[in-house]
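No lab work stands behind these numbers, since they all come straight from the coordinates. All of these numbers come straight from a predicted model, not from anything done at the bench. Here the Cβ is made from the backbone with ideal geometry for all residues, glycine too, and neighbour counts use every protein chain on show.
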Amino acid sequence: MYCPATVAAVAAFQATRGLRSDGVCDEHTWTALVEASWKLGDRSLYLTAPNLRGDDVAELQDRLARLGFDCGRVDGIFGPRTARALEDFQSNCGLFADAVCGQDTVRALVRVGSQSGTGPGVAVVRERERLRHGWGSIAESRVVLGQFGGLSAITRSLARDLRLLGATVMPLDEPDAVAQAIAANHFAADAYLGFEGSADPVVTVHYYKVPSFESVGGRTLAEAIADALQPLATALGVDARVVGMRLPVLRETRMPAVLVVLGSVREVVDQSAMVTAAVQQALELWTSRAG
């Protein structure tokens, strides 16, 4: 029986996984439950289509990253970059370099990892370094703007204004978050900005974060947007918040990405000019900042 105790348990699990904690076991929650069942060493990990996913993949990526083997962000998805990093690790350890993480490779990871420090992985260091030097300028940027229901007026206006500044922009109205992420990856975007409406008066900016990894570029972009949108939040009687989460559109994208949740939709759309100007200002600051 899906009783109140089950709802509470599902909501608690969702909170630990960086998903929306509503107690509803939807497709994303069920997938997260399956992925959480895997531990490193439970199965062989290798490149497949579709890619293997799970907490065992995330642990593999985290261990490789801390040893300096660049598998990109820790997202629990065994893609080509993770396969290359794994093969490089195996080659450096004198193992058969087949990009298959079996028991011998797991033992080597544990043995070598026990001799390393606990600092951030190579992907975090790389993103911090790029942030320190700045992303360049808005005119040199490729930006994807997505929206999920009722906020197309904002994305259209923002796309127009960014193009006037010289940016290359691709707006998306695709309702599926993963489809938007795939399109952004194919576009080779420098940044993804998603907008989502809410029935409640909120101004919350999400970026990708899991216990073992956070997108530094995503967090700094989220902070810049939240600061710029504080006047809107004040008008709605709330504070602009920045929250790291593992939402699908943030997990699947390969560039710094944020999801801006705004509500109520009607009131926000009425102030779309102010929202557009604020987000544009934040994006310009983020692309040019250094230090």
Sites ALA15 and ALA139, calculated FRET efficiency, Cβ-Cβ separation with R0 35 Å, nearest 0.05: 0.30
Consider the candidate values [x] 31.1, 102; [y] 17.4, 53; [z] 20.1, 63; state which one is Rg and Dmax of the Cα atoms in Å computed from the structure displayed. [z]
Residue list for the stretch 260-291, given a label point 7 angstrom along the Cα-to-Cβ vector of THR168 and an amide N cut-off under 19 Å: 284, 287-288
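Would the stretch 135-288 count as rounded, prolate or oblate if I go by the C-alpha gyration tensor, calling it rounded below 1.5 in a/c and otherwise prolate when a/b exceeds b/c, oblate otherwise?
Values: a/c = 1.33, a/b = 1.15, b/c = 1.15.
Taking the square roots of the gyration eigenvalues as a ≥ b ≥ c, the stretch 135-288 is rounded.
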Provide the FRET efficiency to the nearest 0.05 for the ASP200-ARG156 pair, computing r from the beta carbons and using R0 = 22 Å. 0.35
Calculate, in whole percent, how much of the Cα-Cα pair population of the stretch 23-119 lies beyond 16 Å. 53 percent
Amide H contacts of LEU19 (H built 1.01 Å from N, under 5 Å, at least 5 apart or other chain): ARG246
Just to confirm the number: angle between the C-alpha axis of helix 103-113 and the first principal axis of the chain, 0 to 90 degrees, nearest 10? 70 degrees
ASP42/ARG266 FRET efficiency (R0 51 Å; Cβ-Cβ; nearest 0.05): 0.55
Mean separation of Cα contacts under 8 Å (6+ apart) over length of the chain, as relative contact order %: 18 percent
Taking Cα pairs under 8 Å and at least six residues apart, what relative contact order does the stretch 135-288 come out at, in percent? 33 percent
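Using per-residue counts of other Cβ atoms within 10 Å, averaged over each peptide, order 87-99, 189-201 from highest down.
The most tightly packed comes first, giving 189-201, 87-99.
Taking 0.36 nm per residue of separation and subtracting the Cα-Cα distance, what length does fully extending GLN230 through ARG111 add? Intermediate values should be presented prior to the final figure.
Details: separation 119, 0.36 × 119 = 42.84 nm, distance 4.83 nm.
Value of the extension gain: 38.0 nm.
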Contour minus end-to-end for TRP30 and ALA49, with contour as 0.36 nm per residue of separation and end-to-end as the Cα-Cα distance? 4.8 nm
